[in-house]
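Asks: This is the structure I have questions about; it appears just below.
Every read-out reported here was derived from the displayed coordinates using simple, explicitly stated rules and does not represent laboratory data. Model, not experiment: these values are computed from the prediction. Glycine gets a Cβ as well: all are built from the backbone with ideal geometry, and neighbour counts include every protein chain shown.
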Amino acid sequence: MTVSATNPMADLYRRLRAVGLTTRKVRQFILPDWWDDSVATNPAGFAEGLSFISRHTGLDLATLREFGRPVAFREAGVCKFKKSANTTEDQLTLARSMAMRVAQLVNAATVKPCLPLPSSALQLRKEILGQGHPWISLSVLVNYCWSVGISVVHLRSIIQKKMPDGLAVKVRDRPVIVLCKQARFTAWLLFILAHELGHVILGHIPDNGALIDEDVNQNVGDAEEIAANIFALELLTGHKDCRFHPTGRWPNATELARNARMMGRELKIDPGHIVLNYAHTMGNGFFAVANGALGKLEPEREALGIVRRKMAEHLDWSRLPADSCEFLMRVSQVENFSDLPVG
């Protein structure tokens, strides 16, 4: 696609790259499918393109309109940044802004009212397992969240800036959990979801604000992060300091998967979580074995598909403008309308 010297999109793309949005990603995910840069040679067409970009990224429309001026973000409410010392808030600002916009769109299309939540992880574990589930899996926990009015969405990696593990957002009193980790296996997203749900139930989320987790396994000195991790462990295992240790020699991937299945049935713990729990106990050198075991447990690698389909099923897409539906489908990997429920 060629942009002439008089087309304002050239300057706009340059300024967007400065905040972490490449030209390819803007065209692929932010602008509508029908968009062609030639539209911007007409001032009305350019204004429409700016509106799409501002509406779906949280960038300030006034700064987008001004040639040569660095673009800025709109005010997005209070945000708690849970990050490592080596990461700046600026590195997470674009991810936060886009996650907030996704959360706002999801909230607008969610019709389920918010229901009272259990006061503790153990109470919630008892409630979920009492429904006949063998353990709390990703699918089960995502279903639970939607059933009580907590929206859950996955945001694909479409920016050059750092992507966090996830965020918990409160939009007009509705909690929305945005998962960002590009994980193939459900066990990875399961713990992050349980961690973010902990933030929600423990009251850590600012009103009309967000809590952003760069890495749920870091920030060990942060009181809210410690509390959310304890909540997640209690919810998934029934114990606030559950640690699995292999006895004797290290198991290979096949043995670890087999043992995790047996222990999962006995202890009512997701086998994938048992595998990752082993890995975190044993250290980084064990993760190759753990990922091999997860591959044995989950050959279909359906983590993102589970979150995507549940979101598609629960949203009332008629509440959103067509361009916002298209944007939300793209960034959440709902690739086409055939993924949406019919009737």
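Asks: Ratio of region 208-343's C-alpha Rg to 2.2 N^0.38 Å, to two decimals?
Replies: 1.33
Asks: Please give me, ordered by residue number, the chymotrypsin sites (Phe, Trp or Tyr not before Pro) of region 1-102 that lie in loop per DSSP and have at most 14 other Cβ atoms within 10 Å.
Replies: Loop-located and lightly packed - W34, F67.
Asks: Just to be sure I understand: of the beta bridges DSSP finds with both ends in the chain, what percent are antiparallel, rounded to 5?
Replies: Percent antiparallel among DSSP bridges in the chain is about 60.
Asks: Name the residues whose placed amide hydrogens come within less than 5 Å of the amide hydrogen of K80, ignoring near sequence neighbours (fewer than 5 apart) on the same chain.
Replies: A210, L211, I212
Asks: Specify which residue in the list A72, T88, G264 is farthest towards the positive end of the charge dipole of the chain, using unit charges on the beta carbon of Lys, Arg (+1) and Asp, Glu (-1), about the Cα centre.
Replies: Of the candidates, G264 comes out farthest on the positive side.
Asks: Here's something else I'd like to know. I need the trypsin sites (Lys or Arg not before Pro) found in region 257-339, filtered to DSSP loop residues with at most 14 other beta carbons within 10 Å of theirs.
Replies: R301
Asks: Excluding P116 itself, what net charge comes from residues whose Cβ is under 14 Å from its Cβ, given Lys and Arg +1 and Asp and Glu -1?
Replies: For residues surrounding P116, the net value is 0.
Asks: Scan the chain and report its longest stretch carrying no GluC sites (Glu not before Pro) that are both in a DSSP loop and have at most 13 other Cβ atoms within 10 Å.
Replies: Excluding the exposed sites themselves, the longest stretch runs over 76-299.
Asks: Mean residue ellipticity at 222 nm from the helices of the chain, using -39,500 (n - 2.57) per DSSP H segment of n ≥ 4 over the full residue count, to the nearest 500 deg cm²/dmol?
Replies: Calculated mean residue ellipticity at 222 nm is -14500 deg cm²/dmol.
Asks: Within 10 Å, count the other beta carbons around each residue, average over each peptide in 129-140, 111-122, and list them highest first.
Replies: Per-residue Cβ counts within 10 Å, averaged per peptide and sorted highest first, yield 129-140, 111-122.
Asks: Taking θ as phi - 60°, what are the ³J(HN,Hα) couplings along region 37-51 by the Karplus curve (6.51, -1.76, 1.60), each to the nearest whole Hz, with x for Gly and Pro?
Replies: Along region 37-51, the couplings run 4, 5, 4, 6, 5, 8, x, 5, x, 5, 4, 5, x, 4, 5 Hz.
Asks: Going by amide H atoms built from the backbone, whose H comes under 5 Å of the H on S151, apart from near neighbours?
Replies: I177
Asks: If you don't mind, another one. Would you mind counting up the charge near P271? Only other residues with Cβ under 10 Å from its Cβ, with Lys and Arg at +1 and Asp and Glu at -1.
Replies: Combined, the nearby Lys, Arg, Asp and Glu give +2.
Asks: Another question, then. Over region 246-343, what relative contact order in percent results from Cα pairs under 8 Å that are six or more residues apart?
Replies: Worked out over region 246-343, it gives 24 percent.
Asks: For the chain, what are Rg and Dmax over the alpha carbons, in angstrom?
Replies: Taking only Cα atoms of the chain, I get Rg and Dmax of 21.3, 72 Å.
Asks: Moving on to the next point. For every other residue with a beta carbon closer than 15 angstrom to the beta carbon of Q91, add +1 if it is Lys or Arg and -1 if Asp or Glu, then tell me the sum.
Replies: Neighbourhood net charge equals -1.
Asks: When we measure straight from the Cα of K161, which lysines land under 27 angstrom away, once same-chain ones fewer than 8 places off are left out?
Replies: By straight Cα distance, K161 reaches K25, K80, K82, K83, K170, K181.
Asks: Placing +1 at every Lys and Arg Cβ and -1 at every Asp and Glu Cβ, with all other atoms neutral, what dipole size does the chain have around its Cα centre, in debye to the nearest 20?
Replies: 380
Asks: Just going by the charge dipole of region 9-65, with Lys and Arg at +1 and Asp and Glu at -1 on Cβ, which of A62, A44, T22 is farthest out on the positive end?
Replies: Ranked along the dipole, the leading option is T22.
Asks: Output the relative contact order of region 79-242, whole-number percent, from Cα pairs under 8 angstrom with separation of 6+ residues.
Replies: 30
Asks: If you don't mind, another one. If you take every DSSP beta bridge fully contained in region 119-264, what fraction is antiparallel? Give it as a percent rounded to 5.
Replies: 70
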